[in-house]
Amino acid sequence: MATKTKEAVGMGGLAAPHGAAAELFITDYALPGHSQVRCVTPSARKLVDSHPEPRVTEPRPLVFVEVYEEQFDFVWRSARRLGVSELHVDDVVQEVFLVVHRRLSEFEARSSLKTWLFAITRRIVSDYRRSARRKPSEPISFEPEAHESSAADAQLTRNEDARLLYSLLEELDPEKREVFVLAELEQISGPEIAAALGENLNTVYARLRAARIAFEAAVARHQARNRRAL
């Protein structure tokens, strides 16, 4: 019976040297009739141990309360900019977050959280707009009291600016409006918009170009009306 040797066998049947030189002698080759031999010294093992495989950590699950607090303003703005009236925006936002609460566990981070929320908001708003067309419009009046402070006046100015923006957005068709809101107002990238809308990237860019032209035309018409009113 053959006795086992303590020497590692390298290429060409050479025995591995002992001592410091053995630290560099690592081979995956085997001689005919012999099993594969590797000589892994303590120094080599230390080198491997000093470069461990990176640990993959699972992302922390989303918490609904945190999503609600962090994204409420975005959903509210999106609903208004997509055409939901002041009178109904809170109801629409509530419905959006009901869907989010029910489906949050399904979010797989294939897109950003914002674009995922926008896709949900878009569907809810589409349902709202269809039902709103079947109902008479409900005017909203707002008359500030005489004793309101200058801070309230500034807020009123901001509200008027926001209403003007919503009015201009109303002149865009829904497809152009969605792309314009995401790209120009929320500064979301083209690929993310394409993912949110389920559209080809080239289609998104084409709609954005058309939306910019349509929005500029709406602004020009508004300015022309103001000049005629003077």
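Any read-out appearing in this document is the output of simple, stated calculations on the displayed coordinates, not a laboratory observation. As the structure is a prediction and not an experimental result, all values here were calculated from the model. In this analysis, Cβ positions are derived from the backbone assuming ideal geometry, glycine residues included, and neighbour counts consider all displayed protein chains.
Key figures for this structure:
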| item | result |
| --- | --- |
| Tabulated pairs, segment 192-209, first under 17 Å from Arg110 (Cβ atoms), second of a type in the set (Phe, Trp, Tyr) and surrounded by 13 or more Cβ atoms within 10 Å (Cβ to Cβ), C-beta under 7 angstrom, 6+ apart or interchain | Ala196/Phe118 |
| Any pair with Cβ under 6 angstrom, 6 or more apart, that starts in segment 212-228 at a residue that is under 24 Å from Val179 (Cβ atoms) and ends at one that is outside any helix (DSSP H, G or I) | Ala214/Leu172; Ala218/Glu171 |
